[in-house]
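Below is one structure, written out as C-alpha cells, with a few remarks after it.
The values are calculated or read from the model by the stated rules, or taken from the named source; none is laboratory data. Because the structure is predicted, anything quoted here is derived from the model rather than measured. Ideal geometry is used to build each Cβ from the backbone, glycine not excepted, and the neighbour counts take in all protein chains shown. For the accessible areas, the whole protein counts, side chains as well, though only heavy atoms, and no ligand, DNA or RNA atoms are used. Shrake-Rupley method; radii C 1.70, N 1.55, O 1.52, S 1.80 Å.
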Amino acid sequence: MSVLLVGISHRSAPVAVLEKIAITEHDRPKLTDKMLASSHVSEAMIVSTCNRVEIYAVVDAFHPALGEISELLTKHSGLPLPELTKHAYVRYAEAAAEHLFAVASGLDSMVVGEQQVLSQIRAAYAASDSQQASGRTLHELAQHSLRVGKRVHSETGIDRAGASVVSVALDRAQLVLGPLAGRTALVLGAGAMGGLAVAQLARAGVERIIVVNRTLERAQRLANTATVMHGVRAEAMEMDSLVEAMAAAEVVVTCTGAVGTVVSIADVHRALATPGASRELVICDLGLPRDVDHAVAGLPGVTVIDMETLQRDPSAGAAADDTAAARTIVAEELAKYLAGQRMAEVTPTVAALRQMAADVVEAEMLRLDSRLPGLDAGQRDEVAKTVRRVVDKLLHAPTVRVKQLASTPGGDSYAEALRELFELKPGAAQAVAAPMEIARELADDFTAAHPGDEGPTA
C-alpha cells in the first residue's frame, strides 16, 4: 500500500479553476466517504485551503485509484476530465510524502513561509481521523509533516516574508489607504481565516473591528477574542447588518468559505451611499470561491484585493537562503521518514522469524519430554532456558542487521532474502505479535548492539 496524492493549487491553476474545485467543510465528509467506498482506497485525507485542494489516499494500485479519485473530483467540480487533468498534479509514494512536507513547511504556499497551513493540515487529519478514514500510514505521514513544519519555522527565517496571505493583503491595503492604525475594519467570516484576520488587523493598530458572520454566536466569540486577546474594540453583527457594517469600515477582509457571492455590487453601492461612509474602501477578498461580486472592483473609490492579485505580489516570496535551509530540512526529514517506513515493513518478517524459532524450541522440548520422561521440572526449565538463550543469540545478529539494512534504499530486498532463506510467512506473525511490541524489541536489539546510538525510531 502506498500514498497517492492528487492536487490542484495556486501554482497549477488559475483562481477560476480553484473556485470550482474548492472543497468546503460540508463537502469534505461526503467526498471522504465516497473515496473509502472505492475499491482501491483504504485511507483518505483531504487538505483544503484558500489556494489548494489535495487528496492523500492510501491505495493498492496506482492507475485504478488515480482514475477513481479523478472521477470523483470531476463530478464534484463539474470540470471535464481533460480540464481537470490539465491543472492537476500527481505524486506517488516518496514524492507524495516529500510534497506534504514541503507544504507543511510553507515552501509551497502563496506566501512562502506562512504558518497557517500547519493548522490546516492538522484540521485535515483530525477530520479524516474522526471519520475513521486514516490508518497507520496517513497517521504517521500527517504527524511527521507537522513535525517537519514546526522544525522549519523554528530553525529558519522562512516566515519573515509574512505570517499569511492575510498579512500580504493588508500590506497592499495600506498602500492604498495609508497606515491602518486608528481605522475601522470589517471581518466577514468567523472561521480560522477570520481569526487570523482579526489578529493581523490588531497588529496593524486598527481601532475598531466589526465581525459579521451567518452565525451570530461565532461572530460574538471572535469579537470577544479580539477584545480580550488583542485589546481591540470589537463587536459582532449578523449578516442582515452587512451593509451597515461595511459603511462603517475602511478596510474589509472577507473569508467566509461560502459557495457563491456573499458581497454583491448592490451591497457595496448602498454602503458607499450611507451618510458618513468612507470615500475609499479596500476589500480583501480571501474567499475561495470568491466572496465578492467581480463587478465591485469597477466601482469608483473601491479597491478589491483578491487571490489573483496576491499571486502576483513579490512580497509573497521568502529569502533565498531561508528557502534553501527549509528545503534541506525537508530532505533530511524525508530520509528519516522513509527509513522509518522501511523498518516498519520489516517488522512482520522479524516477527515471523522469532515465532518460527519459538515453535521449534517448543517442539524440541516436547520431544525431549517423550525421550526423558523422568526429567524433573527444575531440570526441564534449565534446559528450556538454555535452548532459548542459544536461539536468541543466533537470531540477534540477523534481526538487528536486517533492521539496519531495511532503513537503506532498497532495504526491502534484505527482508525478502530472510523470508526466502527461512521460508517465512510474515502475515502469520500478525496474529501472535503486536507490531508495537515487535518494534520495541527491534529498538532494544539495535540499542544493545550499538550503545549510545538510538538509531531510527520504530
**Report entry** Nearby aspartates and glutamates by direct alpha-carbon distance to residue 385 (threshold 14 angstrom, same-chain neighbours under 8 apart not counted)
**Finding:** 362, 364
Requested in this report: Averaging sequence separations of C-alpha pairs under 8 Å and six or more residues apart, then dividing by the length of the chain, give the relative contact order as a whole percent.
Outcome: 13
Report summary line: Residue-normalised value, i.e. accessible area per residue, for the chain at 1.4 Å probe, in Å², stands at 47
Query raised in the report: In nm, to one decimal, how far is the residue 26 label point from the residue 154 one, both placed 7 Å along Cα→Cβ?
Result: 4.0
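For the stretch 285-413, with only Lys/Arg (+1) and Asp/Glu (-1) charged at the beta-carbon, what is the dipole magnitude about the Cα centre, in debye rounded to 20?
That gives the stretch 285-413 a dipole magnitude of about 1060 debye.
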Report task. Mind checking the stretch 205-284 for trypsin sites (Lys or Arg not before Pro) that DSSP puts in a loop (not H, G, I, E or B) and that have at most 16 other Cβ atoms within 10 Å? Result -> 214, 279
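So what is the diffusion coefficient of the stretch 74-203 in µm² per second by Stokes-Einstein at 25 °C and 0.890 mPa s, using a Kirkwood Rh over Cα pairs?
Approximately 144 µm²/s, per Stokes-Einstein.
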Query raised in the report: What ratio of Cα Rg to 2.2 N^0.38 Å holds for the stretch 93-168?
Result: 1.11
Query raised in the report: Around residue 234, which amide H atoms from residues at least 5 apart in sequence, or from another chain, sit under 5 Å from its own amide H, with H modelled in the peptide plane?
Result: 209
Query - Pairwise FRET efficiency - residue 363 versus residue 392, Cβ, R0 = 25 Å, nearest 0.05 - result: 0.90
Query - Heavy-atom accessible surface of the stretch 1-158: percent carbon and sulfur, 1.4 Å - result: 53
Requested in this report: Quick one: angle between helix 435-449 and the longest Cα principal axis of the chain, in degrees between 0 and 90, rounded to 10, please.
Outcome: 70
Query raised in the report: Can you flag which of 30/336; 34/86; 75/150 are past 29 Å Cα-Cα?
Result: 30/336; 75/150
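Hey, what did the stretch 258-307 get for relative contact order, percent, Cα under 8 Å, at least 6 apart?
Relative contact order here is 45 percent.
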**Report entry** Cα-based helix-to-principal-axis angle, 136-155 vs the chain, degrees rounded to 10
**Finding:** 60
Query - For the stretch 165-236 and the stretch 34-91, distance of Cα centres in Å - result: 35
Query raised in the report: Which of the aspartates and glutamates could be linked to residue 20 by a straight reach, that is with a Cα gap under 13 Å, when you skip same-chain ones fewer than 8 residues away?
Result: 83
Report task. Scan around residue 303 for amide H atoms under 5 Å from its own, H built in the peptide plane at 1.01 Å from N, and keep only partners 5 or more places away or cross-chain. Result -> 281, 282, 283
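For the stretch 1-98, what does the relative contact order come out to in percent, with C-alpha contacts under 8 Å and a separation of six or more?
It comes to 44 percent, rounded to a whole number.
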Report task. With +1 on each Lys and Arg Cβ and -1 on each Asp and Glu Cβ, and nothing else charged, work out how big the dipole of the chain is about its Cα centre, in Debye to the nearest 20. Result -> 280
Query - the chain: angle of helix 165-177 to the longest principal axis, Cα-based, in degrees nearest 10 - result: 20
**Report entry** Stokes-Einstein D (µm²/s) once Rh is taken as the Kirkwood radius of the chain over alpha-carbon pairs, at 25 °C in 0.890 mPa s
**Finding:** 97
Query raised in the report: Can you give the helix-only mean residue ellipticity at 222 nm for the chain, where every DSSP H stretch with n ≥ 4 adds -39500 (n - 2.57) and the sum goes over all residues, rounded to the nearest 500 deg cm²/dmol?
Result: -18500 deg cm²/dmol
Query raised in the report: Could you give the alpha-carbon Rg of the stretch 189-334 over 2.2 N^0.38 Å, rounded to two decimals?
Result: 1.19
**Report entry** Charge dipole of the stretch 195-271 about the Cα centre (unit charges at C-beta), most positive-ward option of 212, 262, 197
**Finding:** 197
Query raised in the report: Given the convex hull over the Cα atoms of the stretch 342-425, what projected area results after averaging over all orientations, in nm²?
Result: 5.8
Query raised in the report: Just the projected area, averaged over all directions, of the convex hull on the alpha carbon atoms of the stretch 36-139: how many nm²?
Result: 6.7
Query raised in the report: Which is farthest toward the positive dipole end of the chain among 110, 284, 311, measuring Cα position about the Cα centre, with Cβ charges +1 (Lys, Arg) and -1 (Asp, Glu)?
Result: 284
